[in-house]
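Readers should treat all values here as calculations from the given coordinates under stated rules, not as data from a laboratory. Keep in mind it's a predicted model, so treat the numbers as computed, not measured. Note that each Cβ is placed from the backbone with ideal geometry, even for glycine, and that neighbours are counted across all protein chains shown.
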């Protein structure tokens, strides 16, 4: 029952903002400046009927997911290493601060000097997601219950079992929070990189060309694609990670 109430509430909120959009478009009375939602929806449905739409969307998805998954893996390893070896924390913390502070556009322009435009979006996503995962997982490791660690020592747990039975359950909420944030950041930074570098067959290129040729309806339609892809991937991957964690905890409890 609560799920239905939540769904209904979300639909009402969506309907409200669609109404605001439709009213604003009617007041502006210029499709070049602000097309209405139904015009954008019709254009989006037309684009979805083209084979090139799915190729472009799939390639952009692959680029962004590759960068995101690589950053998640590297972030977890770096968090474990910096928590285990304090000198690494001192050495690498300025790098973490620099990555957080430098604007995405600066990274894109600098990286364009060293890597090709086709793989640059993945590199930018990696750089943007890495500090999020690294910082969150490191915080989770630092907040691990010391009494549980002492208990593991008393029972002489081997390192792998301490990691599995103590660290993983304690760090999991921090990791899941990092993943939820990372997927949104990945899409924003990845598409921004595609807009600036305009690689062949990319959502960013379609956004850039829509703006260049003043095709505002296409610009809105591709923006809707970005939002929908971001939401769907975030929900699917977060649900998958949460399910893996539940199965892991259940399997550990049964042992």
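Here are the numbers for this structure:
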quantity	calculated
Test: residue in the stretch 148-168 that is touching a residue at least 12 places away in the same chain (Cβ under 8 Å) and crowded, with 22+ Cβ neighbours inside 10 Å	no
Residue list for the stretch 208-230, restricted to those being more than 19 Å from the chain's Cα centre (by Cα) and either closer than 14 Å to residue 64 by Cβ or touching a residue at least 60 places away in the same chain (Cβ under 8 Å) (or both)	214, 216, 217, 218, 220, 221
Selection status of residue 138, closer than 16 Å to residue 178 by Cβ and over 20 Å from the mean Cα position of the chain (by Cα)	no
Check on residue 126, surrounded by 15 or more Cβ atoms within 10 Å (Cβ to Cβ) and part of a loop (DSSP other than H, G, I, E, B)	no
Matching residues, the stretch 68-109, being over 22 Å from the mean Cα position of the chain (by Cα) and surrounded by 11 or more Cβ atoms within 10 Å (Cβ to Cβ)	81, 82, 83, 85, 88, 89, 91, 92, 93
So residue 131, is it within 20 Å of residue 100 (Cβ to Cβ) and surrounded by 15 or more Cβ atoms within 10 Å (Cβ to Cβ)	yes
